[in-house]
Amino acid sequence: MADSEAMRVGILGGGRWGQALGRLVQAAGHQPFIAYEGKAPPHVLPSTDKPAEVTAACDLVLTAVSAAALREAIGKARPHPGNRVVVAGRGIEPRTGVSLTDVVLQESDCVRVGALGGPAPVEEILNGGLCAGVVASPYDEVCRLTVSALHSTRYRVYASPDLVGLELVGAAVPVLACLLGLTRSLRGAGVGVHAVVLSRGLAELGRLARAAGAQESTLFGLAGVGDLEAVHARPGAPYFDAGRSLADGKVVDGPWGLAEALLATGEAHGVELPLVQSLVEVVGGGDPVDAIQRLMSRRSAKEHR
């Protein structure tokens, strides 16, 4: 099938994100086919409660489930070698630290994988808003098919070979957004501390990206800084608000599993992540003011290293 022909695009997950992806597929002139769980199908989009029907009918399959639920979803859908599976999720499996595309490879016979990242405010997409994303894969074919499946005047899609970088920054953005929420709301911490956390957080993650073999430029593109802006700029952003709650001594649902997975990744590559470490300590009951003071008292170093 030529990339320009209308195609059937599979989507695993019938929640709001799955429906948003379905709308983008329609806007690009293609037909979505959604696998959902539960008794109620997602709105009026073509769907089934049998995930294996989606992988059997569609060459390209997008996953729209949480990182924690991906392994089970892939096990039910059973992608085969003819499928191209693109993960539209947050980069790293929280419990194991395994990349989400590796989860797909571990749980199926699929061999061609990719990941979709970038700013994607679900409610804006469902309401016809405009945005953009990045698909990354070592397989040019996966990138081409995904661009064809999603690119339209509503949603610009860029391609990248940096799968490692895109998955890494996808996991890091919620953690950095949470840190920004914490410092924005912390007693005695003004915009200066907020700026320090933003700039040094990006530097910290840049070191990790280089050590992991990723392109540092991915961190400063749509999937990194672009996504971060979308994640923390709007009122009620959950990751940012989780950090604000921490400043008040309350631990709510947040990217805690991702933070621990990033620490494990940093340890594996010999990279210190003091900001991420501080967040994990605060979630574990540490005092956020003490954590910031310890960060500020660290030995001075060259800014770019």
Among what's in segment 254-305 and is exposed (fewer than 10 other Cβ atoms within 10 Å of the Cβ) and under 26 Å from Ile92 (Cα atoms), pick the residue that is modelled with the highest pLDDT. Gly270
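Looking at the structure I just gave you, is Arg184 farther than 21 Å from Val271 by Cβ, in contact (Cβ under 8 Å) with a residue 40 or more places away in the chain and not acidic (Asp, Glu)?
yes
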Residue set Glu204, Glu167; condition closer than 19 Å to Arg294 by Cα, among the charged types (D, E, K, R) and surrounded by 20 or more Cβ atoms within 10 Å (Cβ to Cβ); output residue Glu204
Matching entry among Asp290, Asp227, Asp253 (being of a type in the set (D, E, K, R) and out of contact with any helix residue (DSSP H, G or I) (no Cβ under 8 Å at 6 or more places or on another chain)): Asp290
Please note which helices (runs of 4 or more DSSP H) are completely contained in segment 185-284 and include at least 2 residues that are touching a Pro at 6+ places or on another chain (Cβ under 9 Å). 191-211, 227-233, 238-247, 256-268, 274-283
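Just need a number here: residues in segment 95-105 that are farther than 19 Å from Val54 by Cα and more than 12 Å from the chain's Cα centre (by Cα). Outline the logic, then answer.
Step one: list which residues in segment 95-105 are farther than 19 Å from Val54 by Cα, which gives 95-100, 102.
Filter once more, keeping what is more than 12 Å from the chain's Cα centre (by Cα): 95-98, 102.
Matching residues across segment 95-105 total 5.
Inside segment 106-132, can you point out the residues that are in contact with a Ser or Thr (Cβ under 9 Å, 6 or more places away or on another chain) and more than 13 Å from Ala171 (Cα to Cα)?
Ser108, Cys110, Arg112, Val113, Gly114, Leu130
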Are any residues in segment 69-91 under 12 Å from the mean Cα position of the chain (by Cα) and either farther than 19 Å from Gly22 by Cβ or among the acidic types (Asp, Glu) (or both), and if so, which ones? Arg90, Gly91
Does any residue in segment 113-124 that is modelled with pLDDT of 90 or more come within less than 6 Å, Cβ to Cβ, of a residue that is assigned to a loop (DSSP other than H, G, I, E, B) and not β-branched (Val, Ile, Thr) six or more places away or on a different chain, and which pairs are these? Gly114/Ser137; Leu116/Ala88
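Just one of Ser217, Ser160 is in contact with a Leu (Cβ under 7 Å, 6 or more places away or on another chain), within 26 Å of Gly114 (Cα to Cα) and surrounded by fewer than 22 Cβ atoms within 10 Å (Cβ to Cβ); which is it?
The unique qualifying residue is Ser160.
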So which strands (runs of 3 or more DSSP E) are wholly in segment 112-170 and hold at least 1 residues that are over 18 Å from the mean Cα position of the chain (by Cα)? 112-117
Members of segment 221-272 found to be among the polar types (S, T, N, Q) and either farther than 14 Å from Leu168 by Cα or free of Cβ contacts under 8 Å to residues at least 40 places away in the same chain (or both), listed by number: Ser245
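Yes/no matrix, rows are residues, columns are (1) closer than 25 Å to Leu228 by Cα; (2) touching a strand residue (DSSP E or B) at 6+ places or on another chain (Cβ under 8 Å):
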residue	(1), (2)
Leu105	no, yes
Val113	yes, yes
Leu116	yes, yes
Glu123	yes, no
Leu130	yes, yes
Ala136	yes, yes
Glu141	no, yes
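The values are calculated or read from the model by the stated rules, or taken from the named source; none is laboratory data. These numbers were taken from a predicted model, which means no experiment stands behind them. Don't worry about glycine lacking a Cβ; one is built from the backbone with ideal geometry, like all the others, and counts go over all protein chains shown.
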